[in-house]
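The values are calculated or read from the model by the stated rules, or taken from the named source; none is laboratory data. Since the model is a prediction, treat every value here as computed from it, not as a measurement. So basically every Cβ, Gly included, is an ideal-geometry build from the backbone, and we count neighbours across all protein chains shown. For the accessible areas, the whole protein counts, side chains as well, though only heavy atoms, and no ligand, DNA or RNA atoms are used. Shrake-Rupley method; radii C 1.70, N 1.55, O 1.52, S 1.80 Å.
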Amino acid sequence: MLRIALCDDETSARDALRFQLEKILLDGNEEIVYEFNSGKRAVSWLAKHPGEIDLLFLDVEMDEMNGMEAATDIRKFNQDLMIVFVTGYTDYVFDGYKVGALDYIIKPAGAGRVRELMERARSMTADVNDTFFTFQNADGTFKVSCRDILYCYSEKRLVHLVTAQKEYQFYDKLDHVEEVLGDGFVRIHQRYLVNSLAVAHVSASSVTQAQSFPSAAPSGSRRPKNWRAPCWEVISDGNCPIHT
């Protein structure tokens, strides 16, 4: 699924680009899901919804915050988003490489150029071997890359999902989350599920992870028999802190 967003402060420009895209989008697999009328709004929304957009068509010439400034801010928290600059001038073309832009389109967007860029985006998406975990809470729907998840833990009816940048909360059962995330995650305790790829060390006394963990995971008698995944240390005395 290729999820696309458009950002342009001119409604007519967004409409023209959407018209070209809708003619070539693959049904059921590609969709324009969001439109923004300012760079500032795009940055704010994307920061709160990591992973929900795969491809962003971003106008360069916008008031308040231009496209280049918006892209610079986006790269502070998202290195994976494919960005295509939309501009009326060629002057900004080389600046796009500074923020890792996929490419650019000169207004008005021609059908052939849009088709060419979509083929590139499809090719890059196919080359990325990644899976995502999707969940909902009061703030909306989130799609987080499984490789970015450090661990999950349950607290009553809430599941807390922790990444290096942020902690999310949503209503679910940890058993269901474990089933969806699959074999790459290890249940070290009835309340804790950890990403084995983020682990640095394993022994009989503590859990050590390469990335920062803000909280501790207690051990207990209900820890699964196969908890001892590569590079994990788990305390067996009832208190299992996670070390960095």
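Contact map, the stretch 51-76: residues that are touching a residue at least 24 places away in the same chain (Cβ under 8 Å) paired with residues that are part of a loop (DSSP other than H, G, I, E, B) and among the β-branched types (Val, Ile, Thr), Cβ distance under 8 Å, separation 6+ or inter-chain. Pairs shown: Asn66/Val60; Gly67/Val60; Met68/Val60. Taking the listed residues Tyr89, Tyr34, the one that is within 22 Å of the chain's Cα centre (by Cα), surrounded by fewer than 19 Cβ atoms within 10 Å (Cβ to Cβ) and over 22 Å from Gln165 (Cα atoms) is Tyr34, with no other qualifying. Tell me, yes or no, whether the stretch 40-63 has at least one residue that is of a type in the set (Val, Ile, Thr) and in contact with a Gly (Cβ under 7 Å, 6 or more places away or on another chain). Among the residues of the stretch 40-63, at least one is of a type in the set (Val, Ile, Thr) and in contact with a Gly (Cβ under 7 Å, 6 or more places away or on another chain), which makes the answer yes. Test Asp127 against the stated conditions and say whether it is modelled with pLDDT of 80 or more, open to solvent by 30 Å² or more (accessible area, probe 1.4 Å) and within 23 Å of Arg75 (Cβ to Cβ). Criteria not met by Asp127. The residues of the stretch 37-54 that are at pLDDT below 95 and aliphatic (A, V, I, L, M), listed by number, are Leu46, Ala47, Ile53.
Of the residues in the stretch 142-164, how many are open to solvent by 50 Å² or more (accessible area, probe 1.4 Å) and either aliphatic (A, V, I, L, M) or under 22 Å from Val33 (Cβ atoms) (or both)? Talk me through it step by step, then tell me what you get.
Step one: list which residues in the stretch 142-164 are open to solvent by 50 Å² or more (accessible area, probe 1.4 Å), which gives 147-148, 155-157, 164.
If we keep only those that are either aliphatic (A, V, I, L, M) or under 22 Å from Val33 (Cβ atoms) (or both) too, we end up with 148, 164.
Looking only at that region, the number is 2.
Restricting the stretch 109-120 to residues that are loosely packed, with under 13 Cβ neighbours inside 10 Å and over 15 Å from Leu25 (Cβ atoms) leaves a set whose member that is modelled with the highest pLDDT is Gly112. Which one is farthest from Thr131 (Cα to Cα), of the residues in the stretch 165-198 that are surrounded by 14 or more Cβ atoms within 10 Å (Cβ to Cβ) and of a type in the set (Lys, Arg)? Selected residue: Arg191. For the stretch 71-80, the condition holds for no residue, the condition being that it is assigned to a loop (DSSP other than H, G, I, E, B), under 30 Å from Gln169 (Cβ atoms) and open to solvent by less than 20 Å² (accessible area, probe 1.4 Å). Residues that are open to solvent by 40 Å² or more (accessible area, probe 1.4 Å) and assigned to a helix (DSSP H, G or I) within the stretch 37-60 comprise Lys40, Arg41, Ser44, Trp45, Ala47, Lys48, listed in sequence order. Name the residue that is nearest to Pro50 (Cα to Cα), counting only residues in the stretch 163-192 that are of a type in the set (A, V, I, L, M, F, W, C) and at pLDDT 90 or above. Ranking the qualifying residues of the stretch 163-192, first place goes to Phe170.
Filter the stretch 61-70 for residues that are open to solvent by less than 20 Å² (accessible area, probe 1.4 Å) and in a helix (DSSP H, G or I); which is farthest from Arg18 (Cα to Cα)?
Of all residues in the stretch 61-70, those open to solvent by less than 20 Å² (accessible area, probe 1.4 Å) come to 62, 67, 70.
Filter once more, so that each one left must be in a helix (DSSP H, G or I): 67, 70.
Working: Gly67: 18, Ala70: 20 Å.
Restricting to residues being open to solvent by less than 20 Å² (accessible area, probe 1.4 Å) and in a helix (DSSP H, G or I), the top hit is Ala70.
Return the residue satisfying two criteria in turn: it lies in the stretch 1-21 and is part of a loop (DSSP other than H, G, I, E, B) and more than 18 Å from the chain's Cα centre (by Cα), and of such residues it is surrounded by the fewest Cβ atoms within 10 Å (Cβ to Cβ).
The first filter runs over the stretch 1-21 and keeps only residues part of a loop (DSSP other than H, G, I, E, B), leaving 1, 8-10.
Filter again for more than 18 Å from the chain's Cα centre (by Cα), leaving 8-10.
On the way: Asp8: 27, Asp9: 19, Glu10: 13.
Checking each candidate, the answer is Glu10.
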